[in-house]
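K.L.:
For reference, the structure I am asking about is given below.
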Amino acid sequence: MYIPFLTQADLILDNNGNIIPGAKISVFDPVSNTPVNIYTYNATDDSYTIAPNPIYLNVQSRPEHTYFVRQLAYLRLYKYLGDFSDPRTDDESANWQFVRDWFNSIELNTSTGSNLDVYGLYGLMDADISLGTVDVVGYWTDDDCEKRTYVWDKTCTAQPDAGYVVQSNSTEEGRWILLFDGEYLPSTYYGVYPGHEENVNALLTYPSVVGSNELITAPGVYFVSGNYNGSSVALVTEKKLLIDNESSFTRSSITSSNEITVIGGETNHFITDIYGVKVAHSSWYKSLQGFLDSGAKELIFDQSNNFTQSPVMTKNTALHNVNLVNNTDMYAGWIGFGTYTLTLDRCTVDDHLFYPSTSRIFFQNMLVTDRYFYLPTVQNIDISRINCDDFNFNLCNFDNAAIYLKWKYQKGNTDIDMEGRIVYGDITFAPSLTGLHNCLFNTLTLNDSSKSVFLENCQGILRSVNSANLNIYNCRLTLDTNLALASGGLLHINESLITGTGDIQAGADFALLIEHSTVEPSITCPNVTNTNAQPYDVIVKGSTIGDIEVKKLEMTNSKAGTIKIYGSAGNVIGNVKLENNVIDDFGFFTVTNFESTVNNCTFVNTRIVNNTFNNSFTCPFYVTDSVSNKYEFISRTGAHDYLYRGNNGQCPIDSTQLFTSLPYDDGAYKDDNEHEWGLELGNRVRLFLPGDRFIVGTVLGAKLVNLQVDDVSHSVKAIPRSNIGLFHSGSLSLQNNDYFQMCLGSDLTPKDNSAVISMINLQS
């Protein structure tokens, strides 16, 4: 006896209740676990034929035939995991996953096949209702629909729909009711297939229960594959739909308020615009807008499309919680945005899906990255077309840091932390930056005179700056052009290294403060060559600088190359504070012909204390006597405000020491202890006289030198005219050890044959 264990009506599901098209059922002997013979029935000659074992399920997750065995059988169900287009050709065991097993068909709803067969819808309508149950083969023809079972419901008065409910030709009362327990009802059960679409509305609207016993109908409809060309009218249903990707419809669209599942992936022809799918391929659709409006939670952008209209969005479109999959191996170049914007809200997007110069996208509540775009650049990213909110807009998600910087800047952020990233190319797209932090860049251009800028932990070439203020902290910058700020600004360099061939043009327009830095470029005041004053300060603290030419300078605890201090209008020179520095070359210069007499200029606001001068100290200011002998010094008078002391190296001294050559043969002078001292200086000296009248000299104790001149008012001895230079005039202070007045000896021969001593900075 042949026992049926699988029928065409059986829907095989996995353990989660999902269909598994392409699965296989292997049939074994339950004792030996060896495959057994299985059979199919041939109605033509009423015979049974051995069928292949295992059995493969079709796209509906159903067997292709009704299968029989002649013994108790053990069945094992396997799900296909491979990528073969035809699973029947894949015998790799790793590509088959075991699902479950059972004996015979105990878990399946099978029939005995003992009912009377009738053929087609009209055969059913003409069938004898007294039979109670009949099997119907075919619908319009004898072979266009599989066998199915109808039962007579004598009390049913439901509206016949030529599918689930069929009225008998023999009576007005009662109905034939279709017995079907599957998830998807084949469209052929209503006689719907390519070439026959007249019952499609009935197919898509059959009731959820039928018959007097309220038998539950299939929740879904399966459209058998083929080309449906009967109408362009849209189809709408509340039922689930199962559509083969080999099918196509001239219908403008198919919509399900429940769910549409398409079997298969990318196609080379459109199906139609489908609304209600969970997963949508662009190649299924007639239009780009239909694809985007599909309602799918996964949009797969195929390599090519089959759109019947221009692939351009026709309205602003928003997608929420959608996964956008790039199936193109590049960008979806066929996507057209026109003037409309695609808003992506909480979506995931594959790399290289969009093209930056044509896309109009707003990213909302989601990760933002330049990887969404194919070949993005600083030039083709523009937030007038591509923008986002600030949710998860992070630099770590960008491959091109320059794009992040531009995007961030165009969003209105002018103080930006680049987190140590490298920005390749020229930063010319952010002229109004107020802050740039932790950035390695090629070149940076700033061009907003109303903005104050803070550069922190940056490295690169500073090409052009036109800012109100510029603060540079812990940077390594190169100047390849001159740096000049807007008038009245401040350039503050702190803990930084500045190199390059450009100059820092400070002082005339903006103040300069250098702290704990190395600044190799020259620092110049643009006004050094004219008589204009320097209105802003130049301050250097604890730094190393190169050459500097200014009219005002304050420098402490630093090292410099050449320092040139220039005068300005009104015969004013000075305005310099140098303390505890090491300086190679230093000098005072002027463009106003100060090289005259000391009284013709005003030496002001100068403090030169405890510095070391390595090479030279230029001080072209002097006094002259009546015969034009020049003496290089600056005295502290009402017109000369300075302090000079404690300096060493190649520079003027701030005191002289008497030195002796004993025995002194050319006249010697004795102190109170009858000790003789030589008074002649070995050479002329340059001297800045101290600011105070008295200075501390060498402690001589009682060995003081009494300098006297033959002058009635002083009543002291004359210094020999051969003695030229600066001397200490002896004066003993009991409170402060030994102090000496400063005197200038001259070799002038007076008319009255008396010696001349010029006293400097003495009070009467």
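The values are calculated or read from the model by the stated rules, or taken from the named source; none is laboratory data. Model, not experiment: these values are computed from the prediction. We place every Cβ from the backbone using ideal geometry, glycine too, and count neighbours over all the protein chains shown.
K.L.:
Taking the range 254-277 only, how many residues are among the charged types (D, E, K, R) and at pLDDT 95 or above?
P.N.:
Going through the range 254-277 one residue at a time, the tally reaches 1.
K.L.:
Now a separate question. Take residue 42 and decide whether it is under 15 Å from residue 73 (Cβ atoms) and either in the same structural domain as residue 96 (by TED's automatic domain parsing) or buried (at least 17 other Cβ atoms within 10 Å of the Cβ) (or both).
P.N.:
no
K.L.:
So which residues in the range 514-536 are under 20 Å from residue 579 (Cα atoms), surrounded by 18 or more Cβ atoms within 10 Å (Cβ to Cβ) and either hydrophobic (A, V, I, L, M, F, W, C) or touching a Lys or Arg at 6+ places or on another chain (Cβ under 6 Å) (or both), if there are any at all?
P.N.:
514, 519, 523
K.L.:
Go through the range 401-416 residue by residue and tally those that are surrounded by fewer than 16 Cβ atoms within 10 Å (Cβ to Cβ) and without any contact (Cβ under 8 Å) to a residue 24 or more places away in the chain.
P.N.:
Counting residues in the range 401-416 that are surrounded by fewer than 16 Cβ atoms within 10 Å (Cβ to Cβ) and without any contact (Cβ under 8 Å) to a residue 24 or more places away in the chain gives 1.
K.L.:
For the range 69-100, enumerate the residues that are over 16 Å from residue 53 (Cα atoms) and among the basic types (Lys, Arg).
P.N.:
Within the range 69-100, 100 is the sole residue that qualifies.
K.L.:
For the range 223-245, what are the residues that are out of contact with any Leu (no Cβ under 9 Å at 6 or more places or on another chain) and over 10 Å from residue 261 (Cα atoms)?
P.N.:
Passing the criteria: 224, 225, 226, 227, 228, 229, 230, 231, 232, 233, 234.
K.L.:
A further question on this structure: Do we have residue 213 as surrounded by fewer than 21 Cβ atoms within 10 Å (Cβ to Cβ), touching a helix residue (DSSP H, G or I) at 6+ places or on another chain (Cβ under 6 Å) and of a type outside the set (Val, Ile, Thr) here?
P.N.:
Against the criterion (surrounded by fewer than 21 Cβ atoms within 10 Å (Cβ to Cβ), touching a helix residue (DSSP H, G or I) at 6+ places or on another chain (Cβ under 6 Å) and of a type outside the set (Val, Ile, Thr)), residue 213 does not qualify.
K.L.:
Do any residues in the range 447-475 that are among the polar types (S, T, N, Q) have Cβ atoms under 7 Å from those of residues that are surrounded by fewer than 20 Cβ atoms within 10 Å (Cβ to Cβ) and in a loop (DSSP other than H, G, I, E, B), where the two are at least six apart or on different chains, and which pairs are they?
P.N.:
Pairs found: 447/431; 449/486; 452/434; 457/474; 464/481; 466/486; 467/486; 474/495.
K.L.:
Give the residues of the range 130-170 that are outside any strand (DSSP E or B), touching a helix residue (DSSP H, G or I) at 6+ places or on another chain (Cβ under 9 Å) and of a type in the set (D, E, K, R), sorted by residue number.
P.N.:
142, 144, 146, 154, 161
K.L.:
Looking at the range 328-337, can you tell me whether even one residue there is among the small types (Gly, Ala, Ser), farther than 18 Å from residue 389 by Cα, in the same structural domain as residue 404 (by TED's automatic domain parsing) and in a strand (DSSP E or B)?
P.N.:
Yes: one or more hits.
K.L.:
Only one of these is touching a residue at least 24 places away in the same chain (Cβ under 8 Å), surrounded by 17 or more Cβ atoms within 10 Å (Cβ to Cβ) and touching an Asp or Glu at 6+ places or on another chain (Cβ under 9 Å): 301, 337, 291, 307. Name it.
P.N.:
Only one candidate passes the filter, namely 301.
K.L.:
Follow-up question, since we're still on this one. List every residue pair whose Cβ atoms sit under 6 Å apart, with the two residues 6 or more apart in sequence or on different chains, where the first one lies in the range 112-127 and is closer than 15 Å to residue 43 by Cβ and the second, anywhere, is modelled with pLDDT under 95 and of a type in the set (D, E, K, R).
P.N.:
Hits for this filter: 115/135; 117/135; 119/142.
K.L.:
From the list 391, 362, 398, pick out the single residue that is more than 17 Å from residue 288 (Cβ to Cβ), of a type in the set (Phe, Trp, Tyr), surrounded by fewer than 21 Cβ atoms within 10 Å (Cβ to Cβ) and at pLDDT below 95.
P.N.:
From the options 391, 362, 398, the qualifying one is 391.
K.L.:
Follow-up question, since we're still on this one. Looking only at the range 484-498, how many residues end up being in a strand (DSSP E or B) and farther than 12 Å from residue 469 by Cα?
P.N.:
3
K.L.:
For residue 253, only one of the following conditions fails: (1) of a type outside the set (Phe, Trp, Tyr); (2) touching a residue at least 40 places away in the same chain (Cβ under 8 Å); (3) in contact with an Asp or Glu (Cβ under 8 Å, 6 or more places away or on another chain). What is its number?
P.N.:
Evaluating residue 253 over (1) of a type outside the set (Phe, Trp, Tyr); (2) touching a residue at least 40 places away in the same chain (Cβ under 8 Å); (3) in contact with an Asp or Glu (Cβ under 8 Å, 6 or more places away or on another chain) leaves (2) as the failure.
Here's the yes/no breakdown for (1) surrounded by fewer than 23 Cβ atoms within 10 Å (Cβ to Cβ); (2) among the acidic types (Asp, Glu):
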| site | (1), (2) |
| --- | --- |
| 140 | yes, no |
| 153 | yes, yes |
| 168 | yes, no |
| 173 | yes, yes |
| 187 | no, no |
| 194 | yes, no |
| 199 | yes, no |
| 203 | no, no |
| 207 | yes, no |
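K.L.:
Assigned by TED's automatic domain parsing to the domain that holds residue 318 and touching a Phe, Trp or Tyr at 6+ places or on another chain (Cβ under 6 Å): does that describe residue 370?
P.N.:
When the stated conditions are applied, residue 370 passes them.
K.L.:
Of all residues in the range 474-489 being at pLDDT 95 or above and surrounded by fewer than 18 Cβ atoms within 10 Å (Cβ to Cβ), which is nearest to residue 526 (Cα to Cα)?
P.N.:
Filtering the range 474-489 for residues that are at pLDDT 95 or above and surrounded by fewer than 18 Cβ atoms within 10 Å (Cβ to Cβ), the one nearest to residue 526 (Cα to Cα) comes out as 476.
K.L.:
Return yes or no: is residue 422 touching a residue at least 12 places away in the same chain (Cβ under 8 Å), among the β-branched types (Val, Ile, Thr) and not in a loop (DSSP other than H, G, I, E, B)?
P.N.:
yes
K.L.:
Could you tell me which of the residues 516, 492 is farther than 20 Å from residue 446 by Cα and assigned by TED's automatic domain parsing to the domain that holds residue 564?
P.N.:
Of 516, 492, the one residue that is farther than 20 Å from residue 446 by Cα and assigned by TED's automatic domain parsing to the domain that holds residue 564 is 516.
Residue-by-condition table, conditions (1) over 19 Å from residue 218 (Cβ atoms); (2) in a loop (DSSP other than H, G, I, E, B); (3) modelled with pLDDT under 90; (4) within 60 Å of the chain's Cα centre (by Cα):
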site	(1), (2), (3), (4)
1	yes, yes, yes, no
4	yes, no, yes, no
17	no, yes, yes, yes
25	yes, no, no, yes
32	yes, yes, yes, no
71	yes, yes, yes, no
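K.L.:
Run down 153, 126, 161, 117 and say which single residue is outside the structural domain of residue 76 (by TED's automatic domain parsing), modelled with pLDDT under 90 and within 28 Å of residue 198 (Cβ to Cβ).
P.N.:
It is 117.
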